[in-house]
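None of the figures in this text is laboratory data; all of them are computed from the coordinates on show. The model shown is predicted, which means the values in this text are computed figures rather than measured ones. Note that each Cβ is placed from the backbone with ideal geometry, even for glycine, and that neighbours are counted across all protein chains shown.
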Amino acid sequence: MSTNASSGLRRAAPARSAAARRAAVRTAAGSLVLAASLALTACTGSTPPPEATETSAAGATSTATSGSTAGSTAAPQAPAASGDIPRLVENLAPSVVTIFTEGGLGSGVVYSEDGLILTNEHVIRGNDRVEIAFADGQRVEGTVRAADPVTDLALVQANRTGLPKPVYQTTLPQVGEGALVLGSPLGFENTATSGIISGLHRSIPGSASNSLSLVDLIQTDAPISPGNSGGAVINMRGEIIGISEAYIPPSAGAVALGFAIPAATAVEVAEELLADGTAEHAYLGLTPGELTAQIAEQLGIDASTGVVVLAVDEDGPAGRAGIRPGDVLESMEGAELASPEKLLAELRNRNPGDTVAFKVKREDQSLDLKADLIDRPTGNNR
């Protein structure tokens, strides 16, 4: 995965081949960096999202470290006592896979017994077929079934059945509770790291200019690295609470700042993708930007917070509502819009067909405008 010099924010991107992996250890290459005021590294192992660079995992070797003999279905595991980390890892390892693509590698989690795997969209981007490695050492072919760039989630069909489906927790975890991350950082398959849930509803500052997915995330201090993308974040009861998405690397001055897509979001999107191959998202039809003191002065407005409108789709909801480039969106349905990422997070919780009210600042005017949200046009990921 790649790094953007203008930010320290990275996606946990693909790991490289054996030789490249050694270089990645020295240079931190293989992580995805998105333009942002913070450096966020994506933790996947394949093609990263826009503005991101990734390392390749092609040719990486696989090591079977747990599970049954290759080719057999994992045997049922004894229930683990809450907090029994070795048993939790042993029980969940057969449900976490490594996904190999032409450009790298990432991780994935079993979504159904018939071979369906949930992962990040940027892990499989640009690929129709992949290779999937299981904890028991078996490797099989996989076919990309559907993907959603907006939430950075995808479904891959593995050529294997009888897989152990984990429990997906559809309520958010509590801040402070224990968390485990399972995946393949830098190609080291079946790796487990531990920590706690550090925060909820996190959005990555500055990420809106490159990605729609880095909002409303779970934050954890359990170490996440390139290659973890698409892997599992689990609680101390062995339930999936998140899908690993990104981290802020130490080079940005961060210590243990990792992020995951909530399991509830992942399940909702996965079910929509299963239904018809697409996920439904509310579309406003504008490009948001950060409001700085300099921009406020240029616009001739007295505002210290809000989201500046950089461009508008005249035929979209914002354009029809009368929103113009240069307007500042101060709030949406009463929720203060302190950043572009906050706007994206608020829209994530709305549905096509909803009518939303905005407080808008335009020069010396304060306006109340309403927009009727529509379904995001096919292929529009902005």
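Kindly rank 229-237, 279-287, 150-158, 324-332 from highest to lowest mean number of other beta carbons found within 10 Å of each residue.
Details: 229-237: 29.2, 279-287: 21.7, 150-158: 25.1, 324-332: 19.1.
Peptide ranking by packing, descending: 229-237, 150-158, 279-287, 324-332.
For the stretch 313-319, take each phi angle, set θ = phi - 60°, evaluate the Karplus expression 6.51 cos²θ - 1.76 cosθ + 1.60, and give the result in whole Hz per residue in order, putting x for glycine and proline.
So the J values, rounded to whole Hz, are 7, 4, 8, x, x, 5, x.
Name the long-range amide H neighbours of Ala232: under 5 Å, sequence gap of 5 or more, or other chain; modelled H, no Pro or chain starts.
Here Leu182, Ser244 satisfy the definition.
Label Glu268 and Thr378 with points 7 Å out from Cα along Cα→Cβ: what is the distance between them in nm?
So the label points at Glu268 and Thr378 sit 2.4 nm apart.
How much length is gained on full extension from Glu177 to Asn349, taking 0.36 nm per residue of separation minus their Cα-Cα distance?
Numbers: separation 172, 0.36 × 172 = 61.92 nm, distance 2.49 nm.
Fully extending the segment from Glu177 to Asn349 adds 59.4 nm.
Using the Karplus curve 6.51 cos²θ - 1.76 cosθ + 1.60 with θ = phi - 60°, what ³J(HN,Hα) values do you get for each residue of the stretch 107-117, in whole Hz, with x for Gly and Pro?
Couplings: 10, x, 10, 4, 10, 8, 5, 7, x, 7, 10 Hz.
May I ask you to order 360-373, 259-272 by the average number of other C-beta atoms within 10 Å around their residues, highest value first? Walk me through the numbers on the way to the answer.
Details: 360-373: 14.9, 259-272: 22.4.
In descending order of packing, they fall as 259-272, 360-373.
Find how much the distance from Thr278 to Ile295 grows on full extension, using 0.36 nm per residue of separation minus their present alpha carbon separation; answer in nm with one decimal. Don't skip to the answer; put the middle values down first.
On the way: separation 17, 0.36 × 17 = 6.12 nm, distance 3.73 nm.
Separation in residues times 0.36 nm, less the Cα-Cα distance, equals 2.4 nm.
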